[in-house]
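The values are calculated or read from the model by the stated rules, or taken from the named source; none is laboratory data. Everything numeric in this text was worked out from a predicted model, so none of it was measured. Don't worry about glycine lacking a Cβ; one is built from the backbone with ideal geometry, like all the others, and counts go over all protein chains shown. Ligands, DNA and RNA are stripped out before the accessible areas are found, and what is left, the full protein with its side chains, is counted by its heavy atoms. Shrake-Rupley method; radii C 1.70, N 1.55, O 1.52, S 1.80 Å.
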Amino acid sequence: IVDEIELLKARDNFKKVIKKLKLNTRYYVLGNIRDNEIYGSKYPFAINFLSPDSIVENFDHTFYVKIISETEFNYSDEEDGVFQKYSFGANLNTDIGDIILLPETKNVPLYKDNVIRVEIRPMSFVLGNLRALTKMKVAGEFSNIIDISLMDSKKQRAVDILNNLVEINNENAVADKK
């Protein structure tokens, strides 16, 4: 069972989870007192990176988007910086290479006139944090059950991470038996 824990905690498993759930990108709605993180099916837009993964995965970049309408937004690299107007689907040149923001049509109206902070963190940083925060132990002295836990500010994200981690581990086990 100790071997199973080591297999579950493999860097490659966590890397696959991070890529699948896009955990190195986080969205926050800026507030007067506190910022609120967005997670799950409520994202106002998707980000298409035109640079290779090897560049995006190693970069640390933050930018700000103010949604004007379902077709336009303002963009800035700084919270108090000068915002420039763009259309969704347009090519934006950023420090991490060119990106395209695609609106999530049903969610865009929820964020109209709000400023969204987008944080993109290096894969290695997210991977290290996630592995450190994920706790695994044998349930009991003679047990074949593994207790897995993860504390996160978004309960659903923790559930998604652990479910995907177990799913990927199971896929690996099946592939190893072939």
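If you stretched the chain out fully between Leu50 and Ala10, how much longer would it get, using 0.36 nm times the residue separation minus the C-alpha to C-alpha distance?
The span from Leu50 to Ala10 would gain 11.5 nm if fully extended.
Keeping all protein chains in place, calculate the accessible area per residue for the chain (probe 1.4 angstrom), answer in Å².
About 59 Å² of surface per residue is accessible.
Would you work out the charge dipole size for segment 128-172 about its Cα centre, treating the Cβ of every Lys and Arg as +1 and the Cβ of every Asp and Glu as -1, and quote it to the nearest 20 debye?
240
Sorted by packing (mean other beta-carbon atoms within 10 Å per residue), highest first, where do 170-176, 122-128 land?
122-128, 170-176
Measuring from centroid to centroid over Cα atoms, what is the spacing of segment 102-178 and segment 74-95 in Å?
Here the two parts' Cα centres lie 29 Å apart.
For the chain, what % of the accessible area comes from carbon and sulfur atoms, probe 1.4 Å?
After summing per-atom areas, the C and S share lands at 50 percent.
Give me the distance in nm between label points sitting 7 Å out from Cα along the Cα-to-Cβ direction at Ser149 and Leu21, one decimal.
Between Ser149 and Leu21, the label points sit 1.7 nm apart.
Residue farthest toward the positive end of the dipole of the chain, with Cβ of Lys/Arg at +1 and Asp/Glu at -1: which of Leu133, Leu102, Phe63?
It is Leu133.
Give the Kirkwood hydrodynamic radius (Å, one decimal) of the chain, defined as one over the mean of 1/r across all pairs of different Cα atoms.
Hydrodynamic radius (Kirkwood, Cα only) of the chain equals 18.1 Å.
With r defined as the distance between the Cβ atoms of Thr105 and Glu171 and R0 fixed at 41 Å, what FRET efficiency is calculated, to the nearest 0.05?
0.80
Nearest 20 debye, what's the magnitude of the dipole of the chain about its Cα centre given +1 on Lys and Arg Cβ and -1 on Asp and Glu Cβ?
Taking the Cα centre of the chain as origin, the dipole is about 420 debye.
Stick to Cα atoms and the Kirkwood definition of Rh, then tell me Rg/Rh for segment 1-84.
Over the Cα atoms of segment 1-84, Rg/Rh equals 1.08.
So what is the calculated 222 nm ellipticity per residue for the chain, using -39500 (n - 2.57) for each DSSP H run with n of 4 or more, over all residues, to the nearest 500 deg cm²/dmol?
Taken over the chain, the calculation gives -9500 deg cm²/dmol.
Arrange the peptides 93-106, 75-88 so that the one whose residues have, on average, the most other Cβ atoms within 10 Å appears first.
Top to bottom by mean Cβ count within 10 Å: 93-106, 75-88.
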